[in-house]
Amino acid sequence: MARECSATEIYWNRLYDPAIVARDTRLEAELRASGLHCESFNSTLFFEPGDIRTGQGGPYRVFTPFWRTCQQQLDQLPGPVPAPQRIPAPAVTVASVAVDELDLLPRLESDAGLRSNWTPGEAGALDRLEAFGNTALDHYVSGRDRPDQACTSRLSPHLHFGELGPGQCLAAVRNALLDHEGARSAAEGFLRQLGWREFAHHLLHHYPATTHAPLDARFERFPWEPNRQWQDAWQRGRTGFPIVDAGMRELWATGWMHNRVRMIVASLLTKNLRQHWLEGARWFWDTLVDASLANNTLGWQWTAGCGADAAPYFRIFNPVLQAERYDPQRTYIRRWVPELARLPDNYVHRPWQAPATVLAAARVSLGRDYPLPIVDLPASRDLALRGYAGVRAGGTV
């Protein structure tokens, strides 16, 4: 194509997955050998993943000091430049086909949820960023953990596909602060989440093996108990824990899951069910519209307790208590687990405790319309803690 239109230079924005880095390094060498000038740029992150280092020159493994160092340099970043008014076409006509001729769309209508929930492309990304800055940002701190409220940015797919850069998010947040100074805490909270994205790429750059192996090597000995039936129930949203099932169904229907719910479903899989974190990471990779190798790896290793800055081994999310706290009106569960919608509020989060008369009145038959809990929460928690204790002691249970 470069020869056809007499191009002499090729520019692109860098990506940082290990396989893509290897691919682009090879391509750059081949293009240079053919006489083309090549240059790449960073638009994906605030900083190159290898540039932020500790005082000793090594990589960070704890988020807070990493982000503190980043924040000290954010003000030095250049702001976004305006888009060009026009991009001149090549002087020659390049042989091509229309996008529709490539027949890229699925033949089965399995992507209806994606179509109805997302607007791909730069225009859709900028519209969502503007809407977030104008409205949702004000409620970000109080509502970002609530899956029943639209208080998150939902920008991660656009960031992942390069339709938007974090520098544009930073500029939008700063502009929003000019309009309403009261949004400062929300802005800091939102930027902190971008900081976690930055940290994920930092870790992937320095520890590329974490895509398939725990950063904490002791967890190679953890007594996972592979169970295909349990994994299937988790994937299908049939665990018997409504907040978990709501999240897994939302994921399947829309390609998206609220961040708080991601932690809850991951905790149940890796700790209560003791399924390997890679099983969850692979499912998220296959189903999330914002599936990022760096974020996915960090998130699953964090929840499983085997990664950098990981959740303490004894932190096991109780899905019932989490639901009561973050879906207090039962709105999220009633939307995604409609078979429980007619239950009184007292039992939506824990239907197995509902009396037979209440279940009958709500037309719910546990085990038929909705499953009983896949495990006993206290007993499964104790088993997980025993496994973690064995790992910490240098053995297994």
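Having 3 or more residues that are under 22 Å from Arg330 (Cβ atoms) is the bar; report the helices (runs of 4 or more DSSP H) wholly within segment 241-302 that clear it. Step through it out loud before you land on a result.
On the way: elements: 242-254, 259-267, 277-287.
By residue number, 242-254, 259-267.
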Regarding segment 303-322, can at least one residue be identified that is at pLDDT 95 or above, among the aromatic types (Phe, Trp, Tyr) and over 30 Å from Ala356 (Cα atoms)?
no
Scan segment 231-256 residue by residue and report those that are farther than 14 Å from Ala323 by Cβ and surrounded by 24 or more Cβ atoms within 10 Å (Cβ to Cβ).
Trp234, Leu251
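If you go through segment 67-108 one residue at a time, how many are of a type outside the set (Asp, Glu) and farther than 30 Å from Asp51 by Cα? Lay out the reasoning, then the answer.
Taking segment 67-108 and keeping what is of a type outside the set (Asp, Glu), we get 67-74, 76-99, 102, 104-108.
Keeping just the survivors that are farther than 30 Å from Asp51 by Cα gives 85-99, 102, 104-108.
So the count comes out to 21.
Look through segment 275-314, keep the residues that are at negative phi, of a type in the set (D, E, K, R) and in contact (Cβ under 8 Å) with a residue 12 or more places away in the chain, and return whichever of them is surrounded by the fewest Cβ atoms within 10 Å (Cβ to Cβ).
Among those residues, the one meeting the criterion is Asp290.
Which one of Ala209, Ala213 is without any contact (Cβ under 8 Å) to a residue 24 or more places away in the chain and not in a helix (DSSP H, G or I)?
Numbers: Ala209 fails: not in a helix (DSSP H, G or I).
The conditions single out Ala213.
Out of Ala89, Ala95, which single residue is in contact (Cβ under 8 Å) with a residue 24 or more places away in the chain, out of contact with any Pro (no Cβ under 9 Å at 6 or more places or on another chain) and more than 25 Å from Phe190 (Cα to Cα)? Give the derivation first.
Numbers: Ala89 fails: in contact (Cβ under 8 Å) with a residue 24 or more places away in the chain.
Going through Ala89, Ala95 in turn, the sole match is Ala95.
Test Arg221 against the stated conditions and say whether it is under 22 Å from Glu339 (Cβ atoms) and not acidic (Asp, Glu). Even if it seems obvious, please write down each step before you answer.
Details: under 22 Å from Glu339 (Cβ atoms): no; not acidic (Asp, Glu): yes.
No, not satisfied.
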Expected output for segment 22-41 (first residue within 13 Å of Ala2 (Cβ to Cβ), partner assigned to a helix (DSSP H, G or I) and among the hydrophobic types (A, V, I, L, M, F, W, C), Cβ below 7 Å, 6+ apart or cross-chain) is Cys38/Leu31
Which residues, counting only those in segment 315-361, are small (Gly, Ala, Ser) and either touching a Pro at 6+ places or on another chain (Cβ under 6 Å) or crowded, with 19+ Cβ neighbours inside 10 Å (or both)?
Ala323, Ala354
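Taking segment 347-379 as the region of interest, how many residues are outside any loop (DSSP other than H, G, I, E, B) and farther than 20 Å from Glu324 by Cα? Spell out how you get there, then give the answer.
As a first pass, look at segment 347-379 and keep what is outside any loop (DSSP other than H, G, I, E, B): 347-348, 351-353, 356-361, 366, 370, 377-379.
Next, from what is left, pick out any that are farther than 20 Å from Glu324 by Cα: 356-357, 360-361, 366, 379.
Adding up the residues that qualify gives 6.
Results for (1) among the small types (Gly, Ala, Ser); (2) at negative phi; (3) part of a loop (DSSP other than H, G, I, E, B); (4) in contact with an Asp or Glu (Cβ under 9 Å, 6 or more places away or on another chain), shown as yes or no for each residue.
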residue	(1), (2), (3), (4)
Trp12	no, yes, no, yes
Tyr16	no, yes, yes, yes
Ala22	yes, yes, no, no
Arg26	no, yes, no, no
Glu30	no, yes, no, no
Cys38	no, yes, no, yes
Asp51	no, yes, yes, no
Tyr60	no, yes, yes, yes
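Quick check, is Arg192 in the same structural domain as Leu340 (by TED's automatic domain parsing) and basic (Lys, Arg)? I'd like the intermediate steps shown before the answer.
Working: in the same structural domain as Leu340 (by TED's automatic domain parsing): no; basic (Lys, Arg): yes.
The answer is no for Arg192.
The values are calculated or read from the model by the stated rules, or taken from the named source; none is laboratory data. Because the structure is predicted, anything quoted here is derived from the model rather than measured. With ideal geometry, Cβ positions are generated from the backbone for all residues, glycine too; neighbour counts draw on all protein chains shown.
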